[in-house]
Amino acid sequence: MFALVDCNNFYASCERVFKPQLNNQPVAILSNNDGCVISRSDEARAIGLPMGAPAFKYKDFFEQNNIHVFSSNYPLYGDMSKRVMDILKQFTPDVEIYSIDEAFLQLKIPANDYYAHGKEIKYRIEKWTGIPISIGIAPTKGLSKVANKIARKFKKRTGGVYVIDSEEKRIKSLKWTKIDDVWGIGRNHAERLRLKNIRTAFDFTQLSDPWVRKHMAVIGLRLKKDLEGSPTIQLSDGIDGHRKAIATTRSFDYSYSDYQYIKERIATFAASCAEKLRKQNDCCTAIIVMLRSDFHKKEHKQHKGSIYITLPYTTDSTLTITNHAIKGLASIYKKDIQYKRAGVIVTGLIPANAKQLDLFHHEDAKHHEIMKVMDNLNKKYGSHKLKIANQDLNKTWKMRQEHLSPRYTTNINDIIEVKCN
């Protein structure tokens, strides 16, 4: 059996752990630079705050509805996530960390213990971290997603844990699940299925295999089989946190047209990607560079550009990746455009120990040792103490974070003080 453990309103819940007076109060979390709403509590959702709401447009809405607004505090969220995942590993070694607030578990326990086991997991995580969770347990990953939605939606009746352990429950759950809410079915597929009068997950399972294979490829067929109760989607290869692409994208604090400023930002984003790449022992074969103006400012000239660059050889070198990213920037940058957002993605990842050598194109062998020394020094003396020359030594992420909470668990200066009189 598979279990999907999902932290409820994770970012808002992390803030509430250290500010319990916010329990049952509307809470919203903003993106980098306080741009838009990326997470909200159930209370904020109930009063009509949409996901993606631009913060500057909803400023009055926040005040009128007493919504508590926070800048995103990723050091805090990352640390709380690690605590949750570490607890999950106490129950089974088969854990796939799916995202910062979700994980799949493979349970190998007697059938009549699933619900009690789920309740024990829920109790321990909530007791030890203060983060509320929902758990769905089912014979497949796809069905555990459905079970989790039911546990979350009907938490008073389910106690936050729901088990699909019979054919009757499977069919009833699938008939309840709208096609738009099925894990793995995106907007385009959902629209196509609705045109075919497919409204629920159960309707989807009634389609013929050849039709699904033709229109949704083998991935769609695997999902259908999973929802039918045949496990076809397994846990990942067991490498926690292993990613297929790595992105560093940021909105600037203000809009900029200065090429040198944007070039420095792109170099920093590329260096960040390369550092993450080496941490997971991968190399990349291609990079994508993106640049975008502020589309909220209609009075300004707009431009959105991106370029995909195939590298001449696989690499994890900051020097190589940065140089190609800057070349990419030069080809998409336009003068007199006020740019608001930029980013770099490294993709086509392969394990570093499986790197294919090329007879005619290869990287300077010194890069490997230079990167090794650079990573060790930054690890010893603090992140970003050592940078490459096209980065600004005095600049870190320039983010607008006017509502940032303290980093309670990752910075000794922000630790909670208890005053005893």
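The values are calculated or read from the model by the stated rules, or taken from the named source; none is laboratory data. If you're wondering where the values come from, they're calculated on a predicted model, not measured in any experiment. For neighbour counting, all protein chains shown are included, and Cβ atoms are generated from backbone atoms with ideal geometry for every residue, glycine included. Surface accessibility is based on the protein's heavy atoms, side chains included, excluding ligands, DNA and RNA. Shrake-Rupley method; radii C 1.70, N 1.55, O 1.52, S 1.80 Å.
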key: the range 166-242 - charge dipole about Cα centre, Lys and Arg +1 at Cβ, Asp and Glu -1, debye rounded to 20   = 420 debye
remark   = Phi angles of the range 81-86, converted by Karplus (6.51 cos²θ - 1.76 cosθ + 1.60, θ = phi - 60°) into ³J(HN,Hα) in whole Hz with x for Gly and Pro, give 4, 4, 5, 5, 5, 5
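Taking a 23 Å limit on the Cα-Cα distance, which of the listed pairs K155/K175; K279/K379; K89/K172 fall beyond it?
Too far apart for the 23 Å limit: K89/K172.
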key: With all protein chains modelled, accessible area of R213 [1.4 Å, Å²]   = 130 Å²
query = Reachable aspartates and glutamates from K387, Cα under 18 Å, same-chain residues fewer than 8 places away excluded?
reply = E264, E275, D316, E369, D375
key: Placed amide H near T315: partners under 5 Å, 5+ positions off or other chain   = C284
query = What ³J(HN,Hα) values, in whole Hz, does the Karplus curve 6.51 cos²θ - 1.76 cosθ + 1.60 give for the range 213-226 when θ = phi - 60°, with x put for Gly and Pro?
reply = 4, 5, 9, 10, 6, 5, 5, x, 5, 5, 5, 4, 4, 4
key: Label-to-label distance, nm, for residues given as K334 and Y98 (7 Å Cα→Cβ offset)   = 4.1 nm
inquiry  = Accessible area per residue for the chain in Å², computed with a 1.4 Å probe and the full protein assembly in place, what is it?
reply    = 54 Å²
Formal net charge of residues neighbouring R194 (Cβ-Cβ distance under 14 Å; K, R +1; D, E -1) = +1
inquiry  = Give the lysines whose C-alpha is closer than 26 Å to that of K301, dropping any in the same chain fewer than 8 places away, or say none.
reply    = K57, K59, K263, K327, K334, K335, K340, K398
key: Y98 long-range amide H proximity, modeled H, under 5 Å   = A103, F104
inquiry  = Explain nothing, just compute: Karplus ³J(HN,Hα) = 6.51 cos²θ - 1.76 cosθ + 1.60, θ = phi - 60°, for every residue of the range 290-295 in order, whole Hz, x for Gly and Pro.
reply    = 10, 8, 8, 7, 8, 6
ask   = How much of C7 can a 1.4 Å solvent probe reach, expressed as accessible area in Å² and rounded to 10?
value = 10 Å²
remark   = Length gained, N378-I415, 0.36 nm per residue minus C-alpha separation, equals 10.9 nm
key: Unit charges on C-beta of K, R, D, E only; dipole of the chain, Debye   = 820 debye
request  = Tally up the carbon and sulfur contribution to the accessible surface of the chain as a whole percent, 1.4 Å probe, everything protein left in place.
outcome  = 52 percent
